[in-house]
Amino acid sequence: MPGSTFGELFRVTNFGESHGPAIGCVIDGCPPGMALAEADIQADLDRRRPGTSRHVTQRNEPDAVEILSGVYEGLTTGTPIALLIRNTDQRSKDYGNILDTFRPGHADYTYWQKYGLRDPRGGGRASARLTAPTVAAGAVAKKWLAQKHGTRFVGWMTQIGDVTIPFEDEAQIPHNPFFAANRSVIAQLETYMDALRKAGDSCGARLTVTARHMPVGLGEPLYDKLDADIAYAMMGLNAVKGVEIGAGFGVVTQKGSEHGDELSPQGFRSNHAGGVLGGISTGQDLMVSIAIKPTSSIRVPRDSIDRAGQPTRVETFGRHDPCVGIRATPIAEALLALVVMDHALRHRAQCGDVRLPLPPIPGAIGAG
């Protein structure tokens, strides 16, 4: 299927289906000589995997990754790295009732119209299950970028449904199932999600992801701008319907005297641009926000049609996330890492010899 490969110099090809024997990816272009083991990848997969709390799908997948190629004696060889994640807890019978119908808001109708057939089991290729290989590939990119540039990726939830989550303490992010940087709101979020699950309904979410200690100069003019590629990558994540860079849609009400990030010898004084100017990184934190739609697979009966075009009612059974945004933070981090990794290699290839008399100024004062 075209459209399964991402990146130019750091290329990731994703394969598999939700209820097939396995999913995975092939990474082509990883530089040689980096120490890499399954443990380097597994930590991020564990953050994304299902069944980690009562607020997400109870599909019980260990998401244990296997490195099949591209690593010898613990070091990357520069050849393709194949990563495999076996599916172990499929329940395909849960989808028998939607074989001839289309779930509102899901890809059932469009896949059938495009290919003339579809795999209804868990959404097949359209399933968020296919984000696991993306997270695995992102972990490889994260390690290389941390070693070469000190770049670090952090994401957190800022809103679930109509419940906003003020940012208070980044240290709280790994200690709750919502990736929330705020301990005081967890009880409210749990009550909200419990009521949603009981009602058989779903909600959307918003989250922020950042890249810190960014190198300067990544990105290309016009069609390969860094922020354009970030938006492209984030829109490739299941259920994402909106992407903002920096101040995003907030720029509509800003004046030019407010929005333009002033420079000083000590660094940028603000970061409304989100770390990108003219499509090229400034060295400030990349700031990205994404909006995720409500889960389409819900228990609430909805009107639809069958494959004969006749009206019908659809109720989705099986195990589903009432809010797919809850597990999206590690995925958004991975996608941002893949974009930065690809552009870092592209910059090194073309402009690695560029030297300026003025060193890069520090990132935005107080940003991040």
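Throughout, read-outs are computed from the coordinates displayed, never taken from laboratory work. Values in this document were obtained by computation on a predicted structure and should not be read as measured data. Here the Cβ is made from the backbone with ideal geometry for all residues, glycine too, and neighbour counts use every protein chain on show.
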Revision key, fill the gap. Contact order relative to length for the chain, counting C-alpha pairs under 8 Å separated by 6 or more residues, stands in percent at 21
**Study point:** Ranked list, fewest to most other Cβ atoms within 10 Å of each Cβ, for 290, 326
**Key:** 326, 290
Review point. Mind checking the angle between helix 38-48 and the chain's longest principal axis? C-alpha axes, 0 to 90 degrees, to the nearest 10.
Key: 60
Review point. Under the rule of -39500 (n - 2.57) per DSSP H run of 4 or more residues, summed and divided by the residues of the chain, what mean residue ellipticity at 222 nm is obtained, to the nearest 500 deg cm²/dmol?
Key: -7500 deg cm²/dmol
Review point. How far, in degrees from 0 to 90, does helix 131-149 lean away from the longest principal axis of the Cα atoms of the chain, to the nearest 10?
Key: 10
Practice item. Sort 17, 8, 262 so that the residue with the fewest other Cβ atoms within 10 Å of its own Cβ comes first and the one with the most comes last. Key: 262, 8, 17
Study note, to complete from the structure: By the Cα gyration tensor axes a ≥ b ≥ c (a/c under 1.5 gives rounded; else a/b larger than b/c gives prolate, otherwise oblate), the shape of segment 93-351 is prolate
Point to revise | C-alpha long axis of helix 226-235 to longest principal axis of the chain, angle in ° | key: 10
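Note down the relative contact order for segment 138-252 as a percent, whole number, built from C-alpha pairs under 8 angstrom at least six residues apart.
Over segment 138-252, the number comes to 25 percent.
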Check your understanding: Between their Cα atoms, which of 225/255; 225/293; 114/142 are more than 29 Å away from each other?
Key -> 114/142
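Ranked by Cβ crowding within 10 angstrom, fewest neighbours first, how are 25, 203 ordered?
203, 25
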Revision key, fill the gap. Spelling it out for residue 22: with amide H atoms placed in the peptide plane at 1.01 Å from N, the residues 5 or more places away or on another chain with amide H under 5 Å from its amide H are 17, 87
